[in-house]
Each structure stands twice: as C-alpha cells, then as structure tokens.
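Engineer: Please read through the structure below; I'll follow up with questions.
Computed from the coordinates by the stated procedures, all read-outs in this text should not be read as laboratory data. Treat the numbers as computed from the prediction; the structure is a model and nothing was measured. Cβ atoms come from the backbone with ideal geometry, glycine included; neighbour counts cover every protein chain shown.
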Amino acid sequence: MRLNGKTCLVTGAAGGIGMAMVEAFLREGAVVVASDLDTALLSERCAGLPGGERVLVRRLDVTDPKGIAALDASLADAGVQVNVLVNNAAAITIGKLLDASLEDLRLVLGVNVEGLFNVTKAFLPGMIGRGGGTVLNMASLASVRAMRERFVYSASKAAIAMMTRSIAVDYVADGIRANCICPARVHTPFIENYLARYYPGEEKERFEALSRYQPVGRMIRPDEVAAMAVYLCSDESAMVTGGSFVIDGGVMAGDQPLPEG
Ligand SMILES: NC(=O)c1ccc[n+]([C@@H]2O[C@H](COP(=O)([O-])OP(=O)(O)OC[C@H]3O[C@@H](n4cnc5c(N)ncnc54)[C@H](O)[C@@H]3O)[C@@H](O)[C@H]2O)c1
C-alpha cells in the first residue's frame, strides 16, 4: 500500500475533499488524524469507513493556536507521530474588491492563511525532529488565475501557493517536502453552500455554469483530487517539492472560450 508508515493529519476533514482524502489515505494503509471544527459531522462521516480502525477523529479549529498545541501534545502523549500534514480547511466569500468587507478579508485570511500558518508551525518541528515529512496544502486554481468575483478568496489561495514554495525552499535540508493542489471547481458542500448563500433561486443555473467552466464539461470529483493527494503524500513523489499541481479539466491548457461562473 502506498501510504504504509504514514500518519496523516487532515484539517477540514469533514468536508468534501477532506473526507475523500481520509478515505483514500486509509485505503492506502495510512493512520489518519481526521480533524474539523464540526466533529459531529466528522464522526458521522468516519463511522464505518473501511480501515476505520486507523482513523482518529479530533476537533480542531485552525484559527485557535491553543487548541492546535493541545492536539499536538495529546497526539504526542498517545504516541501518534504525524509525518504528513494536509492543510485543507478553508473559508470562502464571493465578490469583487468593492463587495468585500474588512470582516470578509479577516475571516478568509484568518482561516486560510493564518490557519495554515498556525497548524504548520505547530506540527513542522515534530516532523523535522523525526527526520522529515510532507506538507500538502489545498490551494486553488484561484492561486494561479484570477477568477471573477473571488477577490478575497483568491488572495488567500495565492498566499498559500507561495507559502508552500517558501516551506519547500526553507526546509528541504530537513527532509520536508511541501506541495499544493490547485483545483478548478470540485463538486463538494463548499460549492452547494456558497450557491445557496450567494445565488438563492439561481442555484441550478449557477451549478451548470460552474460545470461548464471546465472545458471537460463537468466539475471535478473529490476522489479525483484525493488521488493526486495520495501521490503527493507518498514516497513515489520523493523528488517533488515546491510544486503547485493544477487539476482543472483543461482550464489552463490555453485558448478556449471559458463561460462565466
Ligand atoms: N470545492 C471546490 O470547488 C474547491 C476548488 C478549489 C480549492 N478548494 C479547496 O479545497 C479545500 C476543501 O474544500 P471543500 O470543497 O472540500 O470544502 P468543504 O466546505 O466541503 O469543507 C471544508 C471544511 O473545512 C472546515 N472548516 C472551516 N473552517 C474551519 C476552521 N476554522 N478550522 C477547521 N476546519 C474548518 C469545515 O467545517 C468543512 O468541513 C479548501 O481548501 C478549498 O478552498 C475547493
């Protein structure tokens, strides 16, 4: 199995991509610390998973450094040694610069940028102390391409892509690899939630536009992102670090008409 010997901490694990990664990591033999703000949903979704005897469900708010330190200490006490960290939790607001409030900016940067900072700062020393490990960050196509009406979110995801490269450069000699995944639209509760919040009554049309955005003609499935994550967290990618990996159904390939969405 491709992740034998790996202990993977996943943040935001109750969500669409997070849970797909938990399932894929378990299938590949990893021990998984699945964490989220929403532990009720997380416990429900982890119940009965194949390989579920290797999953630990924990509450973790990535904006709470004390809670993160407490999780780090309790895992250490239990002899759980994280060697793969997946920073996946995120918040989103929709809109252009003039639509965004300072509260939106603080909320999204707080979860996406500060959250990654907090969790990585807490777990990286242990990984370095044990001879190395892997950091995988969930960025977005919005990290590499300006997407309409995603001003605040795109800023946060562009920061994540550069934080990933900085970690890769600064800790390469410590045996740390860092990469990020940059998906276009993935069909998860993230999409459903923001369509319901920002486009009430237009959800179906907006959903179709989001699907057409990928030249392949549909949204990405969470398990397709998880497949890339397995590769990037396994030793198969030992020579891969500092990378931003696009999974986009052809958006970045070149000259094709992209619909709104
Ligand atoms: N769905 C997409 O189209 C898409 C596209 C590109 C990138 N992404 C990125 O992929 C990642 C996962 O997205 P998803 O679609 O699975 O989202 P999702 O909304 O399904 O899941 C996100 C999870 O993060 C958790 N979360 C939110 N704030 C948190 C906090 N402060 N601490 C801990 N957990 C918190 C939520 O409870 C939720 O379970 C995110 O980083 C997102 O930005 C998603």
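Engineer: For residues in the range 79-120 being part of a loop (DSSP other than H, G, I, E, B) and near the ligand (Cβ under 9 Å from one of its atoms), which is surrounded by the fewest Cβ atoms within 10 Å (Cβ to Cβ)?
Structural biologist: ALA91
Engineer: Let me ask another. Looking at the range 125-141, can you tell me whether even one residue there is closer than 24 Å to GLU103 by Cα and in a loop (DSSP other than H, G, I, E, B)?
Structural biologist: So far as the range 125-141 goes, yes, one or more of its residues are closer than 24 Å to GLU103 by Cα and in a loop (DSSP other than H, G, I, E, B).
Engineer: Collect the residues in the range 4-32 that are buried (at least 24 other Cβ atoms within 10 Å of the Cβ) and assigned to a strand (DSSP E or B), keeping them in residue-number order.
Structural biologist: Across the range 4-32, the qualifying residues are CYS8, LEU9, VAL10, VAL32.
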